[in-house]
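Here's the structure, in structure tokens; my notes come after.
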There are 2 protein chains.
Amino acid sequence: MSRGRAAGYEEQREQILLHAARLFAQHGYPGTSMNEVAQACGLSKPSLYHYFRDKYDLLVHIAESHIVRLRTLVDEVMHEQLAPEARLRELIHRFVREYAQARYAHRVLTEDVKFLRPEDAERILGTERAVVAAFAGTIAEQWPHVGKAQLAKPTTMLLFGMINWMFTWFRPEGELDYEAMAPVVADLFCGGAPALKAPARKTPRRRAAKAQGSG
Amino acid sequence: MSRGRAAGYEEQREQILLHAARLFAQHGYPGTSMNEVAQACGLSKPSLYHYFRDKYDLLVHIAESHIVRLRTLVDEVMHEQLAPEARLRELIHRFVREYAQARYAHRVLTEDVKFLRPEDAERILGTERAVVAAFAGTIAEQWPHVGKAQLAKPTTMLLFGMINWMFTWFRPEGELDYEAMAPVVADLFCGGAPALKAPARKTPRRRAAKAQGSG
DNA sequence: CCTACCGATCGGTAGG
DNA sequence: CCTACCGATCGGTAGG
């Protein structure tokens, strides 16, 4: 089998996706040209189009393969038969590690979903929802009052906010720093969850404020 | 003085910034054309250029006026002579309210800083640092063990992560929902802070892993 | 797999 | 001469 410069078709595709994810993360999806991607890969533009149909194809593959890895990771942890809090801590730790080693793909997933076509967005957000449900279920199991206050999903999103945000400000150097932050996030969340109270329900207004005109 | 259609110069500029912020937030800075901005404002493109020198000028004004409002807000709270925890809760509440009413500008600030030129990024990130320092100082004051464990700034960023992330998933309708989440965020953080422990320090490696080549 | 291109649209500005 | 714009089109470059 061929190796080295003449990498196999699938290996070349993986390399292209890594370069494209980095460029999309750094300059945004619309701000990245296919010329830039080709150059980063050491390919001519026509060669690049040999591996991927178009620019959008790169975006879908980056987002989908990343969220599928996250869902696989969740499935693995759910089969470990851990007590709820230990399971949540394990989920947090593994997510932080996964984000650290795939931070460009993760940024693309979180910032460029808005460029996905409805059919792709639906499929990918559906997988995201399954991931959120696993976290929320574990939280409701460990702290029943949180579930009863309808706060399991909102607090799951706060937890994701903490984890996701780490990757917008932490120095890229030293992935061990991310690892060290995982227990900090877990301690903050698990320590704070018992203090959660049901939020004040707003009076059932007939209608929300008038919607802003969309362009 | 003239009113109505013939709005004043400054009023027209404010309207343009609101429309541009919404479009940048929805399609990204590079993904938004000046034609779209002009159309959203009901102006011809030459008219748009009468109010702003170029597209970049819009970006800088959106980001800068938003961060300046946040810093003003921080200054106000710091002059209220509140006890540390009450001050932190007030900061959280006001930030959530500010983000809710300026969520497009906020998304631009968080997602499109990467398109700022170094001199503008430096100025704007400098103001951001002052905001972070106010939060971190309050946290270290209320929970001295957090400050001693060098966790005041990292946990401030986790707190910002929770708040910022709310605006990427919450339904745009009903800004009162944001208001209801402010005490949830505050309870989670204030409840969890006492549980924080100093993270395991990694062994003092001579050098971090080799830096990745920047494009 | 490269050179050479296309239809269209980009950010920005001309004349009037 | 100023302002506040318009219809039309500039030079370059995008994705393909």
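We did not get these values from a lab; they are worked out from the coordinates using the rules stated. Keep in mind the model is a prediction, meaning the values are calculated, not measured. FYI the Cβ positions are ideal-geometry reconstructions off the backbone, even for glycines, and counts take in every protein chain you see.
Points worth noting:
- About the centre of its Cα atoms, region B:99-140 shows a dipole size close to 120 debye [charges on the beta carbon of Lys, Arg (+1) and Asp, Glu (-1) only; nearest 20 debye].
- Choice from B:Ala149, B:Ala63, B:Ala134 showing the highest fluctuation, given a GNM over chain B with Cα pairs closer than 10 Å: B:Ala149
- Proximal lysine pairs, chain A, alpha carbons under 16 Å, eight or more residues apart or interchain: 4
- Considering only B:Ser65, B:Ser47, B:Ser33, the mean-square fluctuation computed in a Gaussian network model of chain B, springs between alpha carbons under 10 angstrom, is largest for B:Ser47.
- Counting other Cβ atoms within 10 Å as a rough exposure proxy, the listed residues B:Arg71, B:Arg117 run B:Arg117, B:Arg71 from fewest neighbours to most.
- Fewest-first sequence of A:Thr32, A:Thr168 by Cβ atoms within 10 Å of each Cβ: A:Thr168, A:Thr32
- Listed by number, the DSSP H helices of chain B that run 15 Å or longer by alpha-carbon position along their axis and have mean Kyte hydropathy of at least -1.0 are B:9-27, B:55-78, B:84-101, B:118-142, B:152-169, B:176-192.
- With distances taken between every two different alpha-carbon atoms, region A:54-195 has a Kirkwood hydrodynamic radius of 15.8 Å.
- Charge dipole of region B:1-136 (Cα centre as origin; +1 on each Lys and Arg Cβ, -1 on each Asp and Glu Cβ, all else neutral): 340 debye, rounded to the nearest 20.
- Furthest towards positive pole of dipole, B:Ile163, B:Gly126, B:Ala136, structure part region B:57-194, Cβ charges: B:Ala136
- The rotation axis taking chain A to chain B passes closest to the C-beta of one chain A residue; that residue and the distance in whole Å read A:Gly192, 2.
- Note on B:150-163: average number of Cβ atoms from other chains within 10 Å of each residue's Cβ is 5.
- Ranking of A:Val184, A:Val60, A:Val68 by count of other Cβ atoms within 10 Å, fewest first: A:Val68, A:Val60, A:Val184
- For A:Arg123, the label point sits 7 Å beyond Cα toward Cβ; its separations from the matching points on the remaining copies run 4.6 nm, from shortest to longest.
- Charge dipole (region B:57-194, unit charges on Cβ, about Cα centre) - positive-most of B:Gln101, B:Tyr178, B:Pro154: B:Pro154
- Placing a label point 7 Å from the Cα of B:Pro46 along the Cα-to-Cβ direction, the distances to the matching points in the other copies come to 4.3 nm, shortest first.
- Value of relative contact order over region B:57-194, rounded to a whole percent, pairs C-alpha under 8 Å and six or more apart: 33
- Furthest towards positive pole of dipole, A:Ala38, A:Thr110, A:Leu23, structure part chain A, Cβ charges: A:Thr110
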